1. Please list, ordered by first then second residue, the pairs with beta carbon atoms under 6 Å, 6 or more apart or interchain, first in the stretch 86-106 and basic (Lys, Arg), second surrounded by fewer than 21 Cβ atoms within 10 Å (Cβ to Cβ).
2. Against the condition closer than 14 Å to Ser39 by Cβ and not aliphatic (A, V, I, L, M), how does Glu118 come out, does it pass?
3. If we keep just the residues of the stretch 68-121 that are of a type in the set (Ser, Thr, Tyr) and in a strand (DSSP E or B), which is nearest to Asp15 (Cα to Cα)?
4. Would you point out which residue out of Thr86, Thr93 is polar (S, T, N, Q), within 21 Å of Gln38 (Cβ to Cβ) and at pLDDT 95 or above?
5. Taking interchain pairs and intrachain pairs at least six residues apart, which have beta carbon atoms under 9 angstrom, with the first residue in the stretch 38-61 and closer than 30 Å to Ser102 by Cβ and the second basic (Lys, Arg) and modelled with pLDDT of 95 or more?
6. Report yes if Gly70 is surrounded by 14 or more Cβ atoms within 10 Å (Cβ to Cβ), among the small types (Gly, Ala, Ser), modelled with pLDDT of 95 or more and at negative phi, otherwise no.
7. Going by the conditions given, is Thr73 farther than 21 Å from Glu118 by Cα and among the β-branched types (Val, Ile, Thr)?
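The values are calculated or read from the model by the stated rules, or taken from the named source; none is laboratory data. Since this is a predicted model, take the numbers as computed values, not measurements. Cβ: placed from backbone, ideal geometry, glycine included. Neighbour counts: every protein chain shown.
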Amino acid sequence: MKTKHSDIEQFMTKDGSFIRELMHPDEHGVANHNVQNQSLAEATVPVGQVTMLHKHVLTEELYHITSGKGLMTLGEKQFGVTVGDTVCIPPGTAHCIKNTGSHNLTMLCCCSPAYSHEDTELLD
């Protein structure tokens, strides 16, 4: 199964970031004998914005920064991130990311199991 970036609409997730689901079981999954246990999305955080502090009860998540720079909050830690950095977010860990740059912060988000609003608990 192949998807094309330009054919996929963006939507706002529960944490306030803009997401484009590049591969997700609900769209590209079991019926097509493709992706079943994970999702891959592109997230965009506009200049000066921060996602809401949140956690996922079941989901392990990876953020891979593809453009811009930001400040990552991961549990009790805060650290800078920039292009090429990858952050692992264990299940149950509070996290958010702030765009500290002068253009959009864009990242690939891989979730296993696949992202769902139901598994997202807002903490702010």
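1. Lys98/Val50; Lys98/Leu71
2. Values: closer than 14 Å to Ser39 by Cβ: yes; not aliphatic (A, V, I, L, M): yes.
So Glu118 passes the test.
3. Out of the qualifying residues, it is Thr120.
4. Thr93
5. Matching pairs, first to second residue: Val45/Lys98; Gly48/Lys98; Gln49/Lys98; Val50/Lys98; Thr51/Lys98.
6. Yes.
7. Numbers: farther than 21 Å from Glu118 by Cα: yes; among the β-branched types (Val, Ile, Thr): yes.
In short, yes.
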